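The values are calculated or read from the model by the stated rules, or taken from the named source; none is laboratory data. Just so it is clear, the model here is predicted, and its values are computed rather than measured. Neighbour counts are summed over all protein chains in view; Cβ atoms, including those assigned to glycine, are modelled from backbone coordinates with ideal geometry.
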Amino acid sequence: MKTIFLLITTLLMSYSTFAYEISVTGKVTDVDNGSNVINHEVFISIDSASSGGFFYNNIVTTDVNGIYRDTIQLPDTVSGSIIVGTVGCGIWFDTFGSFSQNITNVELNLEICTDPSGNSCQAYYDYYPDMEPMAIQFYDLSYGWPTTWHWNFGDGTSSFEQSPLHYYQTEGDFIVTLTIEGDSCYSEFESVVWVSNDTIGDCQANYFHYNIPNTNTIEFYDASIGIISSWSWDFGDNTFSYEQNPIHTYSEQGIYYTSLTIVTIDSCFNTYGEYIYVGNDTTQCNAEFSYELDTLNNTPHTYLFTDQSEGDIESWYWDFGDGTISYQQNPIHVYNVGGSYDVCLTITGYSGGTMCSSTNCYIVSTTEYYNFGGQAFINDYPINIDSSDIENIGIAYLYRKINNSWEYMDQREFWQYGYYWFANKPIGDYIIMTELKESSLNYNEFAPAYHLNSKSWKNASVFTLSNNQQFAINVSLSELAPKPLGIGSISGKVSGDISCGTYNNIEIEHILVQLFDQQNNQIAYTYTDEIGFFEFSELALTNYTLKAEYPGRYSTVTSVSFTDGQTSIIDLDFIVYCTHILDIHENTEDVLIQTSLPQPNPTSKNISFTINSKVNTSVDMEVLNLFGEQVYQNKVGLYSGKQQITIDLSLFQQGSYILNISSLESNYQKAFKIFVIH
């Protein structure tokens, strides 16, 4: 699936004479309800370099009946394929057809998504090399209503921007994952991204391809940038080609990594590659799966694979890339050693008496595992003084950061010298909470606490497990203040927010409930039972504050007061909200200037963005074409606060450009890729 960029950057070639014309028409309808999609842009493209070297691009709009039309004049030597596509819900939809002097009326219909609302969402993105070497600009193309975006760039770094610009340190293939989440949806998309040390200002390799139905033949179309002198194709099956737009037939069905390397007349070279799916009839079924590390399993490299395929499926065949296979629908697999593995799922089924099959592959890169530990302290001393002392038994709870949430992972009991340890845990960010077991001598004197000495997960010190030298992740348990005694009691229930689905499920049993006095000193704590009920008794008739503590989630905080003659306060309701909230976004405290994404992008007229400056300063703005030539320049004075900037692009030629925004005074520089279509 390719986006608009591949169509709008194709070079147009002119002809002085035309021998015949073709009529292209079709209807665009909503995939959900079949209604006509009106006033919608449709992209029409022809690339038949192998049969005449004719290139054509145009954008037309559907009428009140959802119909689009175009008439194309062609030289008599030209025949080939025509591509019709459009964007819906942030996704590129396209279809293909053939034309010749004997086929002059081409009808190509499109079914697209038009309503991304509701409870569903789908993560998707595209990316392009930035002007600077090793820099990749990612563009979020997800649909639905996500509220958070989490990017894993495949090099050990991540981002929570919607469309980040990322700088890699080395060349090569990186598996980049985008995870989106909203109130009622969760979705991931993963793709292999090739990072090169070349700059887009010199040259950029790119291509798109067309699978000829019911064959193993693929038509490849060069979409590279630059004045190119040679093309080198590696089809991934030990065969090669030096044509610009080759047609290749594979001997067997399967998945092949196909790369294109270009060289320009000024010796710039660049390589682009992607996985090509050959010979799969996916008209009736479509292989798809997800995988995740089993965080509750103490066996390293344990992965859960979940079938998400579409169709009437009768069999599943998994190849885990390490020489082992499975025929289960949703297998659990343990890798003996860490590494990167090509995992493929092949499904087969029957629909209407016709057999269908489909294969899909992802690269699964296992993580490193290490051991770590620490001590639990009360009043600056370990909870036990020697290895035989078991007056106090501690329990350590381990939580791991997964995507944008803290998830429970494991727990341990310990007593010798107050020391706990965990073995074979994957690298990542963690928080630790420790408490005393209820039978312990000092159970009623010291409340549970997080590393280093926090009563709340929001203030806990996060530690990053990265080696086998971390054995001082200590916790000082929180000493309780004296509790004023009396005849009062407080009780209630803790429950999860009704909007929480399966993914955000709240376990209501054993939720910590904390009791604070009027000076905000913690004086007691308890845990909920299996139905979420809790109770405090023998309380003085005064004012209190109660809080439900659930790692990684916000919860209700309630203040209560005993009125005259009242000895019990009952039926308090505490809500634990399902939304994950982590303060893990980039620290922008020292950033003086922030710039929003330019919108709309692509554009045919103006592009606008917001600059938020903490100081009075100025920024230089320039727009460069793909050959590094400056086509626009302006200097704008900024005042403290937000202001909107608009640039008129209506006279720019169709294509892609780089917008640079910089300020020497504030040590700020930002680059965006923008697209102009007419």
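Select from region 508-526 the residues that are touching a residue at least 24 places away in the same chain (Cβ under 8 Å) and of a type in the set (Val, Ile, Thr) and write down the one among them that is nearest to residue 485 (Cα to Cα). That would be 523. Among the residues of region 321-349, those that are assigned to a loop (DSSP other than H, G, I, E, B) and either touching a His at 6+ places or on another chain (Cβ under 8 Å) or of a type in the set (Val, Ile, Thr) (or both) comprise 324, 335, 336, 337, 338.
Scan region 482-492 and tell me whether some residue there is in contact with a strand residue (DSSP E or B) (Cβ under 9 Å, 6 or more places away or on another chain), surrounded by 14 or more Cβ atoms within 10 Å (Cβ to Cβ) and within 30 Å of residue 156 (Cβ to Cβ). Spell out how you get there, then give the answer.
Step one: of region 482-492, the residues in contact with a strand residue (DSSP E or B) (Cβ under 9 Å, 6 or more places away or on another chain) are 482-492.
In the following step, the residues that additionally are surrounded by 14 or more Cβ atoms within 10 Å (Cβ to Cβ) were identified as 483-484, 486, 488-492.
Filter again for within 30 Å of residue 156 (Cβ to Cβ), leaving none.
No; the residues of region 482-492 include none that is in contact with a strand residue (DSSP E or B) (Cβ under 9 Å, 6 or more places away or on another chain), surrounded by 14 or more Cβ atoms within 10 Å (Cβ to Cβ) and within 30 Å of residue 156 (Cβ to Cβ).
Screening the candidates 395, 390, 325, 347 for the property of being without any contact (Cβ under 8 Å) to a residue 12 or more places away in the chain and not hydroxyl-bearing (Ser, Thr, Tyr) yields one hit, 325. Scanning region 219-235 for residues that are within 30 Å of the chain's Cα centre (by Cα) and either closer than 27 Å to residue 655 by Cβ or surrounded by fewer than 20 Cβ atoms within 10 Å (Cβ to Cβ) (or both) gives 220, 221, 222, 223, 224, 225, 234. Does residue 432 satisfy the condition of being farther than 30 Å from residue 543 by Cβ, of a type in the set (A, V, I, L, M) and in contact with a helix residue (DSSP H, G or I) (Cβ under 9 Å, 6 or more places away or on another chain)? So residue 432 fails the test.
Scanning for something over 30 Å from residue 433 (Cβ atoms), surrounded by 19 or more Cβ atoms within 10 Å (Cβ to Cβ) and either among the hydrophobic types (A, V, I, L, M, F, W, C) or outside the structural domain of residue 257 (by TED's automatic domain parsing) (or both), does region 293-303 turn up at least one residue?
Initially, region 293-303 is screened for residues over 30 Å from residue 433 (Cβ atoms), giving none.
Among the residues of region 293-303, not one is over 30 Å from residue 433 (Cβ atoms), surrounded by 19 or more Cβ atoms within 10 Å (Cβ to Cβ) and either among the hydrophobic types (A, V, I, L, M, F, W, C) or outside the structural domain of residue 257 (by TED's automatic domain parsing) (or both), which makes the answer no.
One residue alone among 530, 507, 538, 586 is assigned to a loop (DSSP other than H, G, I, E, B) and either in the same structural domain as residue 411 (by TED's automatic domain parsing) or modelled with pLDDT of 90 or more (or both), and that residue is 530. Restricting attention to region 160-184, the residues that are surrounded by 17 or more Cβ atoms within 10 Å (Cβ to Cβ), assigned to a strand (DSSP E or B) and of a type in the set (Phe, Trp, Tyr) total 1.
Quick grid of which residues meet (1) among the hydrophobic types (A, V, I, L, M, F, W, C); (2) outside the structural domain of residue 32 (by TED's automatic domain parsing); (3) touching a helix residue (DSSP H, G or I) at 6+ places or on another chain (Cβ under 7 Å); (4) without any contact (Cβ under 8 Å) to a residue 60 or more places away in the chain:
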| residue | (1), (2), (3), (4) |
| --- | --- |
| 58 | no, no, no, yes |
| 71 | no, no, no, yes |
| 76 | no, no, no, yes |
| 80 | no, no, yes, yes |
| 93 | yes, no, no, yes |
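When residue 374 is tested against (1) surrounded by 15 or more Cβ atoms within 10 Å (Cβ to Cβ); (2) under 26 Å from the mean Cα position of the chain (by Cα); (3) small (Gly, Ala, Ser), exactly one condition is not met: (2).
Within the set 92, 149, 145, the sole residue that is more than 28 Å from residue 246 (Cβ to Cβ), surrounded by 15 or more Cβ atoms within 10 Å (Cβ to Cβ) and modelled with pLDDT under 85 turns out to be 145. Within this structure, residue 380 passes the test of being under 30 Å from residue 436 (Cα atoms), at pLDDT below 85 and more than 27 Å from the chain's Cα centre (by Cα).
Yes/no per residue for (1) among the hydrophobic types (A, V, I, L, M, F, W, C); (2) modelled with pLDDT of 90 or more; (3) not assigned by TED's automatic domain parsing to the domain that holds residue 510:
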site: 399; (1), (2), (3): no, yes, yes
site: 412; (1), (2), (3): no, yes, yes
site: 415; (1), (2), (3): yes, yes, yes
site: 420; (1), (2), (3): no, yes, yes
site: 423; (1), (2), (3): yes, no, yes
site: 433; (1), (2), (3): yes, yes, yes
site: 441; (1), (2), (3): yes, yes, yes
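Against the definition (part of a loop (DSSP other than H, G, I, E, B), over 28 Å from residue 535 (Cα atoms) and in contact (Cβ under 8 Å) with a residue 12 or more places away in the chain), how does residue 467 come out, yes or no?
On the way: part of a loop (DSSP other than H, G, I, E, B): yes; over 28 Å from residue 535 (Cα atoms): yes; in contact (Cβ under 8 Å) with a residue 12 or more places away in the chain: yes.
So residue 467 passes the test.
With respect to (1) farther than 22 Å from residue 84 by Cα; (2) surrounded by fewer than 15 Cβ atoms within 10 Å (Cβ to Cβ); (3) modelled with pLDDT under 80, the lone exception for residue 239 is condition (3).
One residue is enough: does region 402-409 have a residue meeting the conditions touching an Asp or Glu at 6+ places or on another chain (Cβ under 6 Å) and touching a residue at least 60 places away in the same chain (Cβ under 8 Å)? No: zero hits.
Taking region 141-154 only, how many residues are over 16 Å from residue 127 (Cα atoms) and either in the same structural domain as residue 272 (by TED's automatic domain parsing) or in a loop (DSSP other than H, G, I, E, B) (or both)? Count: 4.
Of everything in region 366-408 that's of a type in the set (Gly, Ala, Ser) and outside any loop (DSSP other than H, G, I, E, B), which residue is nearest to residue 476 (Cα to Cα)? The qualifying residue nearest to residue 476 (Cα to Cα) is 376.
The residues of region 66-90 that are touching a strand residue (DSSP E or B) at 6+ places or on another chain (Cβ under 6 Å), of a type in the set (Val, Ile, Thr) and in a strand (DSSP E or B), listed by number, are 67, 71, 72, 82, 83, 84, 86.
Being buried (at least 20 other Cβ atoms within 10 Å of the Cβ) and either in contact (Cβ under 8 Å) with a residue 60 or more places away in the chain or not polar (S, T, N, Q) (or both) is the filter here; which residues of region 425-447 pass it?
Of the residues in region 425-447, the ones buried (at least 20 other Cβ atoms within 10 Å of the Cβ) are 425, 430-436, 440, 446-447.
Matches in region 425-447: 425, 430, 431, 432, 433, 435, 436, 446, 447.
Among the residues of this structure, residue 259 does not count as one that is in a strand (DSSP E or B) and over 30 Å from the mean Cα position of the chain (by Cα).
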